[in-house]
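The structure appears below as structure tokens.
Bear in mind these aren't lab numbers, they're just calculated from the coordinates by the rules spelled out. All of these numbers come straight from a predicted model, not from anything done at the bench. All Cβ positions, glycine included, derive from the backbone under ideal geometry; neighbour counts span all protein chains shown.
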Amino acid sequence: MPSGEHETPIALAKLDPSLVAWLLANLFDVKVPDYHHARAQATDVRVVVPRTYHADAMLVFCDAADRPVLAVVLEVQRGWDATKRRTWPLYVAQLEAELDVAVALLVYCPVPAVAGRYQDLFGFDGISLVLRPLIFTPGQVPLVVDVEVARASPALVVLSALCHGGSAEVDALFPALAAALRAVGPNKAVLYYDIVLAGLPEASRVRWEAFMTTAVGSEFRSELFQRVAAEGEARGEARGEARAVLTVLAARGVVVPAEVRERILACTDLAQLDRWLHRASTATTVDDVLR
């Protein structure tokens, strides 16, 4: 089951794709083309044999006319999986063929020893196509303590917090992180705040929340915490409704494919979930619910 350590870097990259461009340029000297915006790409990769592979995330950087200029496959690898020798090239090749642009494979490995094994896995064997995965570890991401840098690059300071969360030195980053939340405003700050809470180890999370309670202006803290609470309550209600839909379908013996289950659980529209729940009470197939 995906963990906060796995999901938070992906969520952060989707929230601010410029962070991906920063990592490519500053950690790997990749020349990122001038781009106007970036958008998420569907992560399913289908092959002739009836099987679908799923990358963690894919981003497409586009010009002002929405034409792709660069694509990036994002992967988070916390453990060893030798099958990546076959699936990672598949992600890259499929995206290159679909978009006709250069594609980078950017991999975050929280454990340096695991990162080293993946680097060795892609050594040239004299036969296979060469893939150069751009693998980085927490130690390569700087500890951002400069408030001005944080205000200019909020996503970078959040990533820095995730990468250094297991170290006591992360406390030095808290003022910059608070400044970044102020810079993006309460609406977006809620999203960043959720990522920080999900990605920090428990001890660091407790110290971060204590810092926010004691050191941040009460007006900003109150507005942000109220929004965090409201967002969390809404997500909890939606999650419960989604589980009710699945429970009713299971009771009726309706088969629910994994991708449909994920779609239902990911839905946060309570009105939509309510419609699905009513349909589930008489459904004989999952299509009867999602029509």
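Straight-line reach from residue 188: which lysines fall under 22 Å, measuring Cα to Cα and dropping same-chain residues less than 8 apart?
Partners within reach: 14.
Among the aspartates and glutamates, select those whose C-alpha is under 16 Å from the C-alpha of residue 84, and discard any that sit fewer than 8 residues away in the same chain.
The qualifying aspartates and glutamates are 44, 56, 75, 120, 125.
In what sequence, highest mean first, do 202-215, 86-99 appear when ranked by Cβ atoms within 10 angstrom?
Working: 202-215: 14.0, 86-99: 17.3.
Answer by packing, highest mean first, reads 86-99, 202-215.
What is the dipole size for the range 1-140, taken about its Cα centre, with +1 at each Lys and Arg Cβ and -1 at each Asp and Glu Cβ, in debye to the nearest 20? If you can, show how the numbers build up before the last one.
Working: 12 positive and 16 negative charges, 65 e Å.
The dipole of the range 1-140 has a size of about 320 debye.
Within 10 Å, count the other beta carbons around each residue, average over each peptide in 67-77, 142-152, and list them highest first.
Working: 67-77: 21.3, 142-152: 16.9.
Result, highest mean Cβ count within 10 Å first: 67-77, 142-152.
When averaged across all projection directions, what area in nm² does the alpha-carbon convex hull of the range 142-216 cover? Provide the component values of the computation, followed by the final result.
Details: hull surface 16.5 nm².
Projected area, direction-averaged: 4.1 nm².
How big is the equivalent ellipsoid of the range 1-140 along its three axes, where each semi-axis is √(5λ) from the Cα gyration tensor, reported in whole Å from largest to smallest?
Numbers: eigenvalues 96, 70, 49 Å².
Calculated on Cα positions only, the semi-axes equal 22, 19, 16 Å.
When each pair of different Cα atoms in the chain is counted once in the 1/r mean, what is the Kirkwood radius in angstroms, to one decimal? Please report the intermediate quantities before stating the final value.
Working: mean 1/r = 0.0473 Å⁻¹.
Over the chain, the inverse of the mean reciprocal pair distance is 21.1 Å.
Could you list which residues have their amide H under 5 Å from that of residue 105, counting only those 5 or more apart in sequence or on another chain, with H placed in the peptide plane?
Under 5 Å from the amide H of residue 105: 73, 134.
Would you mind calculating the relative contact order of the chain from Cα pairs under 8 angstrom and at least 6 residues apart, reporting the percent as a whole number?
Working: 390 pairs, mean separation 33.4, N = 291.
Relative contact order here is 11 percent.
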